[in-house]
Amino acid sequence: MVHPKEERTLVLLKPDAIQRALMGEIIRRYERLGLKLVGLKMVVPTEAQVEGHYTLDPNWRRITGEKTIKSYRERGLTPPSEDPHEITAKILKNLIKYLTAGPVIAMVWQGAHSVELVRKITGGTEPRSSPVGTIRGDFVPDSYVMSDNDDRAVRNLIHASGTVDEASMEIPHWFHAKELIDYKVTHEDILYAKELQGIFTS
């Protein structure tokens, strides 16, 4: 069984994060948690790459459409369609326009429970409802109301893998194995060693 400290997750800094010069702030948040950056590159995604990313899970279209319909009803609104696939087709079209609008920074972070903790620090998909203290909650005023009115994707700075299984599909979609580097950082001994040793100088 793989130790939790070896867990990896994918993070994409979307074009709006780069345009707003928030790359360093976002990376700092993940570093402060003790996560280790093992893959990093700037890319200009193609439409096919973005579509492939969101459809790695064959159930994504159905699940996303059903969640969207439910979200509309919870807000007291009428969904634009009762067909999950029809709704997701529009969502995917807007996501492709969003992620191909400029360069994207792709990152792989490694560390204990990295998938769960990165998601917690990042905040929910809708920035407006993300708690203060999360990246989206602190830096983005966007909402589903505004994105629906403007017929666009929610601008939320970041994509972060939702589950360990999702990360295992997404990482190879963006990185070749040789682009991921295994190395050690000194704080790993403090975070993961069974005993704290070598602290005193004498």
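The values are calculated or read from the model by the stated rules, or taken from the named source; none is laboratory data. Because the structure is predicted, anything quoted here is derived from the model rather than measured. Neighbour counts run over all protein chains shown; Cβ positions are idealised from the backbone, glycine included.
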When you scan the stretch 127-144, do you find a residue that is in a loop (DSSP other than H, G, I, E, B), modelled with pLDDT of 95 or more, buried (at least 18 other Cβ atoms within 10 Å of the Cβ) and among the hydroxyl-bearing types (S, T, Y), even just one? yes
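Would you mind finding the one in R32, R8, R20 that is surrounded by fewer than 17 Cβ atoms within 10 Å (Cβ to Cβ), under 30 Å from A193 (Cα atoms), in the same structural domain as D189 (by TED's automatic domain parsing) and basic (K, R)? Before you say what the answer is, go through the steps one by one.
Details: R8 fails: surrounded by fewer than 17 Cβ atoms within 10 Å (Cβ to Cβ); R20 fails: under 30 Å from A193 (Cα atoms).
Result: R32 is the single residue among R32, R8, R20 that is surrounded by fewer than 17 Cβ atoms within 10 Å (Cβ to Cβ), under 30 Å from A193 (Cα atoms), in the same structural domain as D189 (by TED's automatic domain parsing) and basic (K, R).
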Quick check on S81: is it in a loop (DSSP other than H, G, I, E, B) and not aliphatic (A, V, I, L, M)? yes
Name the residues in the stretch 24-57 that are among the aliphatic types (A, V, I, L, M), over 12 Å from I105 (Cβ atoms) and part of a strand (DSSP E or B), would you? V38
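Looking at G76, is it touching a residue at least 60 places away in the same chain (Cβ under 8 Å), of a type outside the set (A, V, I, L, M, F, W, C) and either surrounded by fewer than 16 Cβ atoms within 10 Å (Cβ to Cβ) or not in a helix (DSSP H, G or I) (or both)? Write out each step before concluding.
Numbers: touching a residue at least 60 places away in the same chain (Cβ under 8 Å): no; of a type outside the set (A, V, I, L, M, F, W, C): yes; either surrounded by fewer than 16 Cβ atoms within 10 Å (Cβ to Cβ) or not in a helix (DSSP H, G or I) (or both): yes.
It is false that G76 is touching a residue at least 60 places away in the same chain (Cβ under 8 Å), of a type outside the set (A, V, I, L, M, F, W, C) and either surrounded by fewer than 16 Cβ atoms within 10 Å (Cβ to Cβ) or not in a helix (DSSP H, G or I) (or both).
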Give K41, K67 a once-over and let me know the one that is of a type in the set (D, E, K, R) and either at pLDDT 95 or above or buried (at least 16 other Cβ atoms within 10 Å of the Cβ) (or both). K41
